[in-house]
């Protein structure tokens, strides 16, 4: 077995796990790949395409549609994502309050730089948490929240650096800890929606609701664009008008039909901001900026050494990741 074949199979196994294909089925289909390649002399890349495309095809054939429908839904609404972000923000505020309490005592000096910078941090932290929770699902909105978090973070850094530091009074640090506890309490009060498994194909959907649910499922559950979801819904509506049949009779449960339409589109790709090489490059840029500013301000030597070591490690990992992708990209199809 060549190195490229081993690498393809490793990627395919990970992709199959991501498609909720059980281990026994994954072993069986990969054995079929080995048998086909041994008989034909082809490489897996040439015979079956990219590992992610092959895994998606296997899931469509080997995984029952009901299980695939549940897999495409993370069970969380926008309110659930907001509650999760609120809880993460509460933890961050509580930890920050405890750290400030230990370092500076029970009273904190209030300055214009501190007030404005902290307020902007209060925007950046929940925005970043919300972007992280949205990015892990197919619900849209991660990019705007992530952009807002970065902008607020940069403005906060500018406020802490350039605004006046004259004292306007003192603030009890335990109030910051109390705010973190309050945020956690607010998040804990949120009650999640009922289990979606109870709503999926448990009873027929009313015809009027069927056509209303279809674009929502395509957009929120399967990640299609709003225009594409509307286009597919119009096509289904025109077909139903021409045949005179009900949606349930013609297409079946709306969840399954939405899944079939989504799987008929192009194979979903990993969102660019979730790719490891993009995240590694972004972290490297942040570390370079920190290192340059730290050297310009003549900061402590140990921080310079730590930042340089982190930057070197990140650049090494990024280089290895890019080099590993080159042979697979050059494989003839």
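The values are calculated or read from the model by the stated rules, or taken from the named source; none is laboratory data. In this text the structure is predicted, and so the values were computed from the model without any measurement. Neighbour counts run over all protein chains shown; Cβ positions are idealised from the backbone, glycine included.
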On the given criteria, is residue 85 in contact with a helix residue (DSSP H, G or I) (Cβ under 8 Å, 6 or more places away or on another chain), outside the structural domain of residue 290 (by TED's automatic domain parsing) and modelled with pLDDT of 75 or more? yes
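Residue-by-condition table, conditions (1) assigned to a loop (DSSP other than H, G, I, E, B); (2) at pLDDT below 70; (3) surrounded by 14 or more Cβ atoms within 10 Å (Cβ to Cβ); (4) not assigned by TED's automatic domain parsing to the domain that holds residue 59:
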| residue | (1), (2), (3), (4) |
| --- | --- |
| 220 | no, yes, yes, yes |
| 227 | no, no, no, yes |
| 270 | yes, yes, no, yes |
| 291 | no, no, yes, yes |
| 303 | no, no, no, yes |
The lone condition residue 75 fails out of (1) exposed (fewer than 14 other Cβ atoms within 10 Å of the Cβ); (2) at pLDDT 80 or above; (3) not in a helix (DSSP H, G or I) is (2)
